[in-house]
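Student: Sending over a structure as structure tokens; questions will come in a sec.
The values are calculated or read from the model by the stated rules, or taken from the named source; none is laboratory data. Just so it is clear, the model here is predicted, and its values are computed rather than measured. For neighbour counting, all protein chains shown are included, and Cβ atoms are generated from backbone atoms with ideal geometry for every residue, glycine included.
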Amino acid sequence: MMKINRYFYVLALTVFISLAACNGNSGKTALSETETKEMKKPAIKEEAVKYAADSTDMIGFVAYDSATDKKRPVVLIVHEWWGLNDYAKSRARALASLGYLAIAVDMYGNGTTADNPELAGKLAGPFYQNPQMAKKRFDAALAKIKTFAVADTNQVAAIGYCFGGAQVINLAKLGENFKGIVSFHGNLVGVPADKNLLKAPMLICHGADDQFVKAEEVTLFKKQMDSIGAVYTFKSYAGATHAFTNPNATAMGEKFKIPIAYNAAADSASWKDMNEFFGKIFE
């Protein structure tokens with residue numbers, strides 16, 4: 001009996017020691033995993049970049065994850081008619097956190113921004129009247145971002161907001177070599193659709209209650225796209241007005257008595273749709 005008791009005592013002690021050792025190793029492993037995750041956390045680098053086009057100096061805003069030197073797709077962002085402000089920069093940061101090399105394009109030059117609709121309209125107007133002017137300035141930004149070592153120059157997309165949405169649609173129609181474009185609450189009818197030039201698939205994120213982009217414009221856009229067999233997806237978000245992705249839109253709308261407002265649900269849904277779209281075009 002003593003031998004048996006001694007046997008179970010030794011066995012129990014062995015199991016206890018083994019469990020203690022396992023628990024010790026488990027704690028060490030968990031710490032190691034935590035350290036690894038910390039090391040892989042995005043380290044978003046931001047920088048202003050200067051370039052020029054049409055004898056105009058421009059100041060773009062670049063953001064990317066500097067924790068890796070891996071090449072990654074390039075996404076260019078064209079701002080609202082307010083110019084390259086903090087909102088456009090925030091979108092560049094968000095894209096960088098998703099693993100893209102992002103540049104917010106300075107379409108107006110010299111970092112010019114507007115704080116009222118009258119000035120914004122004056123700054124934006126020439127680009128609607130002269131799409132080639134927009135193309136030259138966009139191409140200058142594209143050439144600049146392609147000089148970054150982490151740029152995958154064969155994987156380029158563009159997104160735009162309001163004024164910027166209209167511009168990226170026009171740029172695609174003018175034959176820019178995009179993997180795809182995304183327009184958020186942008187005007188839809190610009191340069192004529194040409195099947196020999198338009199190759200990039202499009203994602204159009206539209207507010208169903210947008211008073212600046214009327215139902216007639218939506219119908220005409222779809223008709224033009226369908227007439228040339230364009231590849232596009234049109235998303236309409238219920239209850240969303242013009243500028244629905246910009247958290248500052250409600251205050252600006254109230255201040256200047258214009259029908260724009262932020263819509264958190266539509267903002268989130270459209271960003272998710274953009275992510276899924278990028279997942280397809282950058283395969």
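Listed here are the residues, each with its yes/no results for (1) within 20 Å of residue 249 (Cα to Cα); (2) not small (Gly, Ala, Ser); (3) not assigned by TED's automatic domain parsing to the domain that holds residue 184.
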residue	(1), (2), (3)
80	yes, yes, no
83	yes, no, no
91	yes, yes, no
104	yes, no, no
119	yes, yes, no
148	no, yes, no
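Student: While we're on this one: Please enumerate the residues belonging to region 200-214 that are modelled with pLDDT of 95 or more and either out of contact with any strand residue (DSSP E or B) (no Cβ under 8 Å at 6 or more places or on another chain) or more than 23 Å from residue 95 (Cβ to Cβ) (or both).
Tutor: 208, 209, 210, 211, 212, 213
Student: For the structure I just gave you, tell me whether residue 145 is closer than 16 Å to residue 232 by Cα and surrounded by 17 or more Cβ atoms within 10 Å (Cβ to Cβ).
Tutor: no
Student: Residue 61 - would you say it is in contact with a strand residue (DSSP E or B) (Cβ under 8 Å, 6 or more places away or on another chain) and either assigned to a helix (DSSP H, G or I) or modelled with pLDDT of 95 or more (or both)?
Tutor: Considered against the rule, which asks whether it is in contact with a strand residue (DSSP E or B) (Cβ under 8 Å, 6 or more places away or on another chain) and either assigned to a helix (DSSP H, G or I) or modelled with pLDDT of 95 or more (or both), residue 61 comes out as yes.
Student: Among 273, 267, which is in the same structural domain as residue 117 (by TED's automatic domain parsing), among the charged types (D, E, K, R) and touching a strand residue (DSSP E or B) at 6+ places or on another chain (Cβ under 8 Å)?
Tutor: None of the other options fit; the residue is 273.
Student: Residues of region 226-255 being more than 25 Å from residue 91 (Cβ to Cβ), assigned to a helix (DSSP H, G or I) and of a type outside the set (D, E, K, R), which ones?
Tutor: If the condition is that a residue be more than 25 Å from residue 91 (Cβ to Cβ), assigned to a helix (DSSP H, G or I) and of a type outside the set (D, E, K, R), then 227 is the only one that fits.
Student: Which of (1) over 24 Å from residue 137 (Cβ atoms); (2) of a type in the set (A, V, I, L, M); (3) at pLDDT below 95 is the odd one out, the single condition residue 252 does not satisfy?
Tutor: If we test residue 252 against (1) over 24 Å from residue 137 (Cβ atoms); (2) of a type in the set (A, V, I, L, M); (3) at pLDDT below 95, just (3) comes out false.
Student: Just one of 87, 108, 100 is modelled with pLDDT of 95 or more, closer than 23 Å to residue 181 by Cα, hydroxyl-bearing (Ser, Thr, Tyr) and touching a Leu at 6+ places or on another chain (Cβ under 6 Å); which is it?
Tutor: 108
Student: Then there's this: Go through 166, 172, 158 for me and flag whichever is aliphatic (A, V, I, L, M) and either touching a Gly at 6+ places or on another chain (Cβ under 7 Å) or over 19 Å from residue 95 (Cβ atoms) (or both).
Tutor: Result: 166 is the single residue among 166, 172, 158 that is aliphatic (A, V, I, L, M) and either touching a Gly at 6+ places or on another chain (Cβ under 7 Å) or over 19 Å from residue 95 (Cβ atoms) (or both).
Student: Condition first: part of a helix (DSSP H, G or I) and touching a Pro at 6+ places or on another chain (Cβ under 6 Å). Now tell me which residues in region 134-171 satisfy that.
Tutor: 170
Student: Being part of a helix (DSSP H, G or I), of a type outside the set (A, V, I, L, M) and free of Cβ contacts under 8 Å to residues at least 24 places away in the same chain is the filter here, so list the residues in region 260-279 that pass it.
Tutor: Our first condition is that a residue be part of a helix (DSSP H, G or I); within region 260-279, this holds for 264-279.
With the extra rule that they be of a type outside the set (A, V, I, L, M), the set shrinks to 267-268, 270-273, 275-279.
Once the filter is applied, which keeps residues that are part of a helix (DSSP H, G or I), of a type outside the set (A, V, I, L, M) and free of Cβ contacts under 8 Å to residues at least 24 places away in the same chain, region 260-279 yields 267, 268, 272, 276, 279.
Student: Here are some residues: 99, 111. Which one is outside any strand (DSSP E or B), in the same structural domain as residue 124 (by TED's automatic domain parsing) and under 18 Å from the mean Cα position of the chain (by Cα)? It would help to see each step written out before you state the result.
Tutor: Details: 111 fails: under 18 Å from the mean Cα position of the chain (by Cα).
Answer to the check: 99.
Student: Please find, among 63, 88, 104, the residue that is touching a helix residue (DSSP H, G or I) at 6+ places or on another chain (Cβ under 6 Å) and within 23 Å of residue 173 (Cβ to Cβ). Break it down stepwise before answering.
Tutor: Details: 63 fails: within 23 Å of residue 173 (Cβ to Cβ); 88 fails: touching a helix residue (DSSP H, G or I) at 6+ places or on another chain (Cβ under 6 Å).
Within the list 63, 88, 104, the selection yields 104.
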